[in-house]
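Engineer: Sending over a structure as structure tokens; questions will come in a sec.
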Amino acid sequence: MNPTHILITGGAGAIGAQLAARFRQQHPDASLTLVDLNPDALEPVARQHDACAEICDLTDIDALAEWWQSLVDRRGPVDVLVNCAGIMDIMTLTGTGWERGKRLIDINFTAPMRLMDLALPHMIEYRHGCVINVSSMAGRVPIRGCSYYGGAKAGIGLASEIARLDLKKQGVNVVTVYPGPIYSGLESHARSQVKRGPVSRFIPTGKPDVLADRIYRAFRTGGARVIYPDIYSLAKQVANLNLTNKAMDFFSPQPNQ
């Protein structure tokens, strides 16, 4: 498809910024909107890629419909939606607390679902569109300290896979992305919350530019999903062999969390 308006949430992040670069390079005439909560981080990325910077708190779910309509009135309907925004905390269930936990659920699950709800009517009407949902390997295998994050990512991953089945005959493709650790601010923050050990130094960690290349390739070819780094394709089998807890012990939260 040749998109006319591409919207990427988490546009100031490592993955979002790399995706902005890929889409701008391949589709120089398309409108590109980057959404983030941090204006200082977002605006330089938007300038670099000739994009519109939209400051929005995606956890304010009730306000998203009005914001979306305003955006569409100003920039036109969105035919490529990339749900890339996310936050991650590795903490015990009780250590997380409800307020922090709810924010994790809202940004990683509820907001992407609401944005799909807002974007899809136009895509379906014109039989022209694509949704790219960035889930996580933490939503496919149990990782200690990730009850809220893993649960939210599992939810958006499964919802995304089902949406693909629902929409494939209506001209809309849905791509589900399952990254393992990727060098980024989110990954650095998560590592700061776990016990340091020998395993954590060798856990396979991917590069955001390589992930962006693979996501864009899936977009262009109508692919269903992206798993990166490649070794995480084995994670489901590892979980089935009951080795996950041993392999993921390095994710154990700090004692005071």
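Engineer: Could you tell me how many of the residues in the stretch 144-158 are outside any helix (DSSP H, G or I) and surrounded by fewer than 24 Cβ atoms within 10 Å (Cβ to Cβ)?
Structural biologist: Total satisfying the criteria: 1.
Engineer: Pick out the one residue from T4, T92 that is at pLDDT below 95 and in contact with a strand residue (DSSP E or B) (Cβ under 7 Å, 6 or more places away or on another chain).
Structural biologist: T92
Engineer: Could you list, in sequence order, all residues of the stretch 16-45 that are of a type in the set (G, A, S), touching a strand residue (DSSP E or B) at 6+ places or on another chain (Cβ under 8 Å) and surrounded by fewer than 23 Cβ atoms within 10 Å (Cβ to Cβ)?
Structural biologist: The answer is A30, S31.
Engineer: Residue by residue through the stretch 73-103, note down the ones that are outside any loop (DSSP other than H, G, I, E, B), closer than 27 Å to F219 by Cβ and touching a residue at least 24 places away in the same chain (Cβ under 8 Å).
Structural biologist: Within the stretch 73-103, R75, V80, L81, V82, N83 meet the criteria.
Engineer: Are there any pairs, at least 6 apart or on different chains, whose C-beta atoms fall under 6 Å, with the first in the stretch 36-60 and touching a residue at least 12 places away in the same chain (Cβ under 8 Å) and the second surrounded by fewer than 15 Cβ atoms within 10 Å (Cβ to Cβ) and in a strand (DSSP E or B), and if so, which?
Structural biologist: If the second residue must be surrounded by fewer than 15 Cβ atoms within 10 Å (Cβ to Cβ) and in a strand (DSSP E or B), the pairs left are P39/I55.
Engineer: Let me ask something additional. Restricting to the stretch 94-143, what's the tally of residues that are among the aromatic types (F, W, Y) and buried (at least 23 other Cβ atoms within 10 Å of the Cβ)?
Structural biologist: Looking only at that region, the number is 1.
Engineer: Another question, if that's okay. Exactly one of (1) touching a strand residue (DSSP E or B) at 6+ places or on another chain (Cβ under 7 Å); (2) small (G, A, S); (3) buried (at least 23 other Cβ atoms within 10 Å of the Cβ) is unmet by G13. Its number?
Structural biologist: G13 satisfies all of (1) touching a strand residue (DSSP E or B) at 6+ places or on another chain (Cβ under 7 Å); (2) small (G, A, S); (3) buried (at least 23 other Cβ atoms within 10 Å of the Cβ) except (1).
Engineer: Right, here's the next one. Assuming L58 fulfils every condition listed in (1) part of a helix (DSSP H, G or I); (2) in contact with a helix residue (DSSP H, G or I) (Cβ under 6 Å, 6 or more places away or on another chain); (3) within 16 Å of A12 (Cβ to Cβ) apart from one, which condition is it?
Structural biologist: Among (1) part of a helix (DSSP H, G or I); (2) in contact with a helix residue (DSSP H, G or I) (Cβ under 6 Å, 6 or more places away or on another chain); (3) within 16 Å of A12 (Cβ to Cβ), L58 violates only (1).
The values are calculated or read from the model by the stated rules, or taken from the named source; none is laboratory data. This is a predicted model, so every value here is computed, not measured. Backbone-built Cβ (ideal geometry, glycine too); neighbour counts: all protein chains shown.
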